[in-house]
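> Next up is a structure, given as structure tokens.
The values are calculated or read from the model by the stated rules, or taken from the named source; none is laboratory data. What you are looking at is a predicted structure, and each value in this text was computed from that prediction instead of being measured. All Cβ positions, glycine included, derive from the backbone under ideal geometry; neighbour counts span all protein chains shown. Just the protein is used for accessible areas: all its heavy atoms, side chains included, with ligands, DNA and RNA removed. Shrake-Rupley method; radii C 1.70, N 1.55, O 1.52, S 1.80 Å.
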Amino acid sequence: MTDIISMQDPNGLVDGHPVDHHVGAEAMIQITDMNKWFGSFHVLRDINLTVHKGERIVVCGPSGSGKSTMIRCVNRLEEHQAGSIVVDGIELTEDVKKIDMIRREVGMVFQHFNLFPHLTVLENCVLSPIWVRKEPRRQAEERAMALLERVKIPEQALKYPGQLSGGQQQRVAIARALCMNPKLMLFDEPTSALDPEMIKEVLDVMVQLAESGMTMVCVTHEMGFAKTVADRVVFMDSGQVVEQAPPSEFFTNPKSDRTRLFLSQILKH
Amino acid sequence: MAEMTPTGGAPADSFRPIPPRPPPSSAVGPVRWVRENLVSSPLNVLLTAIGLYLIWLIVPPLIDWALVSADFFGSSSDDCTSDGACWVFVGARFQFFIYGFYPDPERWRVNIMFLMLAAFLVPQFLPGTPAVVRKWLGIFGLTLYPLITAVLLLGGVFGLPAVETGKWGGLMLTLVLSYVGIVAALPIGILLALGRRSHMPIIRTICVMFIELWRGVPLISVLFMASVMLPLFLPEGVNFDKLLRALIGIVMFQSAYMAEVIRGGLQGIPKGQYEAAAALGLGYWRATGLIILPQALKMVIPGIVNTFIALFKDTTLVLIIGLFDILGAVQASIVDPAWGRVAVEGYVFAAFCFWVFCFGMSQYSQGLERKLHTGHKR
Ligand SMILES: Nc1ncnc2c1ncn2[C@@H]1O[C@H](COP(=O)(O)OP(=O)(O)OP(=O)(O)O)[C@@H](O)[C@H]1O
Ligand SMILES: [Mg+2]
């Protein structure tokens, strides 16, 4: 097992192709027989999914299939009613302390950015490190500036979110999540509220983040991103995981006819 | 076409920006204003004419009464010889309007209260005040100031003779009532509003009942209850101050209103803000204090100030339980037979005092809104 890990190159790429070398690695997320209902509506049905450390997962599927709900269960923005979710060895239960511990380690990026409009970009980024991780302000600000540099908008640090373009706001949102030093990043359709020319600048940041070895779960319809970055693509429909496979297999040789139908529909456009 | 481009070599369809020109004179300045606002249609011309006529009818006599043929100096009604306003009356009763029955030798204590109030309020209006100073003055005003003032006005400690609250009156009483009302109603209102949106049924029910109870009764009956009924329910011998009872009544009543104003703001916060705060690991109180409340309160500043202004003016209702605020003091003075007909002067003075404070609050809130504006909403 150890030699499998030691053989990995840092980008998780062999001859430029992602390989499923994480099987032996420790699990970051372990979802077992998870079920969730909204009232009497059964949104998630018998979900089983394992995400290993360092792995990049892309989740796709038709609208209403439960993709958002599933990843929102991982940091308890939604509560599941049956089965278990274990994040970095901590099982999600009613226990508020455990939920807090998990949220500290899991960063999340939303479709609509959800920046805090009354705070500047820099204040958005340092808020949680200062109040949750109790970092000294100076240290938090230095880290935040370094991360804003990484997402290529250090010059916007003192502006308010309302003064930025959508793409810039989304990059701030990514920097804000990274400021907490997360072990896992969740993305819920981070580019689907953006104009076409802004999508690329956000995807570039996400690719760069993937290359740095971050464990990522992305709900996205950007199939180009899935092909180049993902270790595994998870396809969902009607609250179920229909199929999961490395992108090479997923796009060229899907096992399920439901997947094939979905792919033919999105590739048409 | 090519020979028309001055550079000659440039292609005929190259883009050249048109330099900006000033707008025509009919579109700017006073001319435009008059055209747009006063004479834009026959109906508007007519309304303008009527308006000018009414101004001509009302304003000159008013100025004549209030200033030109008014009497300013003197000490008794004999000095009011002209047929204009008798401001002598206001001058002679000024002390009573401001201090009520607060004993003469102790009035410096009230003056200190006024001075301190001015000292931390005036800098808030000056644009050059640094943010840190503003903040600390604000904190002083909300915490230490009410305590210091209470000790100072009540006396009975540090060698200050005690002055019972029955003697308080005039503008000073108005300010005490409304200041305590404002400073207490805001935080209680915030807690009630949060409680009403709580997921815990017990807390929610208590808050809903509290709000609906106090909102459902008129302030007059609250004050009557506080002054007349409450003592009947209290055990024999237990008796607490009438002013304190009135204050509690006002605070309860106004915080119920405040709670609903703030709840309006809380409902305007998108769900995404709560989720982003939760995802960052902020707990309920931190998310509320750092993310939700600052935005919600900012959104409802006009409503909050509206409530404050209403509160300020509602304090006059304490008249009916025998406390003499500034309006009560004026009313008690104008019936004095030694002065003849001075009711208008007295009421104008009282109205002017109210207007100054209410206008001040309104201006402050507008300044605050401008300051807190952080770019366009998306
Ligand atoms: N809070 C909620 N209460 C009730 N039903 C909900 C709630 N949130 C989502 N749903 C329903 O659950 C189903 C799954 O929603 P979800 O948002 O997870 O879908 P999705 O796969 O993310 O779709 P999309 O691509 O449109 O974002 C949908 O049918 C939706 O209507
Ligand atoms: Mg979704």
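> Are any of the residues in the range B:94-104 over 26 Å from the mean Cα position of the chain (by Cα) and either touching a residue at least 60 places away in the same chain (Cβ under 8 Å) or under 26 Å from B:Ala338 (Cβ atoms) (or both)?
yes
> Please indicate, with yes or no, whether at least one residue in the range B:337-345 is open to solvent by less than 40 Å² (accessible area, probe 1.4 Å), part of a helix (DSSP H, G or I) and within 26 Å of B:Gln363 (Cβ to Cβ).
No, because not a single residue in the range B:337-345 is open to solvent by less than 40 Å² (accessible area, probe 1.4 Å), part of a helix (DSSP H, G or I) and within 26 Å of B:Gln363 (Cβ to Cβ).
> I'd like the full set of residues that are touching a strand residue (DSSP E or B) at 6+ places or on another chain (Cβ under 7 Å), in a helix (DSSP H, G or I) and under 13 Å from A:Val132 (Cβ atoms), limited to the range A:94-108.
A:Met101, A:Ile102, A:Glu105
> Let me confirm something: among B:Gln295, B:Gln331, which residue is of a type outside the set (A, V, I, L, M, F, W, C), assigned to a helix (DSSP H, G or I) and open to solvent by 40 Å² or more (accessible area, probe 1.4 Å)?
One residue alone meets the criteria, B:Gln331.
> Which pairs have Cβ atoms under 8 Å, sit 6 or more apart or on different chains, and link a residue in the range B:363-378 that is at pLDDT 80 or above to one that is outside any helix (DSSP H, G or I)?
Cβ pairs passing all conditions: B:Leu372/A:His118.
> Within the range A:94-111, is even one residue within 25 Å of A:His221 (Cβ to Cβ) and open to solvent by 30 Å² or more (accessible area, probe 1.4 Å)? Before the answer, list the steps.
The initial filter retains those residues of the range A:94-111 that are within 25 Å of A:His221 (Cβ to Cβ), namely A:106-111.
From what's left, open to solvent by 30 Å² or more (accessible area, probe 1.4 Å): A:111.
Yes, some residue in the range A:94-111 is within 25 Å of A:His221 (Cβ to Cβ) and open to solvent by 30 Å² or more (accessible area, probe 1.4 Å).
> I would also like to ask the following. Assuming A:Met101 fulfils every condition listed in (1) free of Cβ contacts under 8 Å to residues at least 12 places away in the same chain; (2) within 13 Å of chain B (Cβ to nearest Cβ); (3) under 30 Å from A:Leu164 (Cα atoms) apart from one, which condition is it?
The number of the failed condition is (3).
> Within the range A:126-219, considering only helices (runs of 4 or more DSSP H) that don't extend past its boundaries, which have at least 3 residues that are in contact with a Ser or Thr (Cβ under 7 Å, 6 or more places away or on another chain) and open to solvent by 10 Å² or more (accessible area, probe 1.4 Å)?
A:196-211
> Keeping to the range A:48-68, report how many residues are within 10 Å of ligand 2 (Cβ to nearest atom) and not in a strand (DSSP E or B).
7
> Turning to a different aspect of this structure: Would you tally the residues in the range A:174-220 being within 16 Å of ligand 2 (Cβ to nearest atom) and among the aliphatic types (A, V, I, L, M)?
Going through the range A:174-220 one residue at a time, the tally reaches 5.
> A follow-up question, please. Given B:Met229, B:Met200, which one is at pLDDT below 90 and farther than 19 Å from B:Met258 by Cβ?
B:Met229
> Then there's this: Among the residues of the range B:329-349, is any within 15 Å of the chain's Cα centre (by Cα) and of a type outside the set (Ser, Thr, Tyr)?
No, the range B:329-349 has no match at all.
> Looking for something farther than 19 Å from A:Leu115 by Cα, under 19 Å from the mean Cα position of the chain (by Cα) and not small (Gly, Ala, Ser) - is there at least one such residue anywhere in the range A:186-199? Let's see the steps before the verdict.
The initial filter retains those residues of the range A:186-199 that are farther than 19 Å from A:Leu115 by Cα, namely A:196-197.
With under 19 Å from the mean Cα position of the chain (by Cα) added as a condition, the list becomes none.
No, there is no match, as no residue in the range A:186-199 is farther than 19 Å from A:Leu115 by Cα, under 19 Å from the mean Cα position of the chain (by Cα) and not small (Gly, Ala, Ser).
> Which number in (1) out of contact with any helix residue (DSSP H, G or I) (no Cβ under 6 Å at 6 or more places or on another chain); (2) open to solvent by less than 70 Å² (accessible area, probe 1.4 Å) marks the one condition that B:Trp56 misses?
Every condition holds for B:Trp56 apart from (2).
> Any residue in the range A:88-101 that is more than 16 Å from ligand 1 (Cβ to nearest atom) and closer than 29 Å to A:Gly224 by Cβ?
No - not one qualifying residue is present in the range A:88-101.
> Still on this structure, I have one more. For the range B:175-243, which fully contained helices (runs of 4 or more DSSP H) count at least 3 residues that are surrounded by 12 or more Cβ atoms within 10 Å (Cβ to Cβ)? If you could, list the steps in order and put the result at the bottom.
Details: elements: B:201-215, B:219-224, B:230-233.
Once the helices (runs of 4 or more DSSP H) in the range B:175-243 are filtered for at least 3 residues that are surrounded by 12 or more Cβ atoms within 10 Å (Cβ to Cβ), what remains is B:201-215, B:219-224.
> Taking A:Ile71, is it among the β-branched types (Val, Ile, Thr) and either outside any strand (DSSP E or B) or within 11 Å of ligand 1 (Cβ to nearest atom) (or both)?
For A:Ile71, the condition - among the β-branched types (Val, Ile, Thr) and either outside any strand (DSSP E or B) or within 11 Å of ligand 1 (Cβ to nearest atom) (or both) - is met.
Yes/no per residue for (1) surrounded by fewer than 13 Cβ atoms within 10 Å (Cβ to Cβ); (2) within 14 Å of another protein chain (Cβ to nearest Cβ):
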| site | (1), (2) |
| --- | --- |
| A:Met28 | no, no |
| A:Met34 | no, no |
| A:Phe38 | yes, no |
| A:His42 | no, no |
| A:Asp46 | no, no |
| A:Leu49 | no, no |
| A:His52 | no, no |
| A:Gly61 | no, no |
| A:Glu78 | no, yes |
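> So is B:Val88 in contact with a strand residue (DSSP E or B) (Cβ under 6 Å, 6 or more places away or on another chain), in a helix (DSSP H, G or I), open to solvent by less than 90 Å² (accessible area, probe 1.4 Å) and not polar (S, T, N, Q) or not?
For B:Val88, the condition - in contact with a strand residue (DSSP E or B) (Cβ under 6 Å, 6 or more places away or on another chain), in a helix (DSSP H, G or I), open to solvent by less than 90 Å² (accessible area, probe 1.4 Å) and not polar (S, T, N, Q) - is met.
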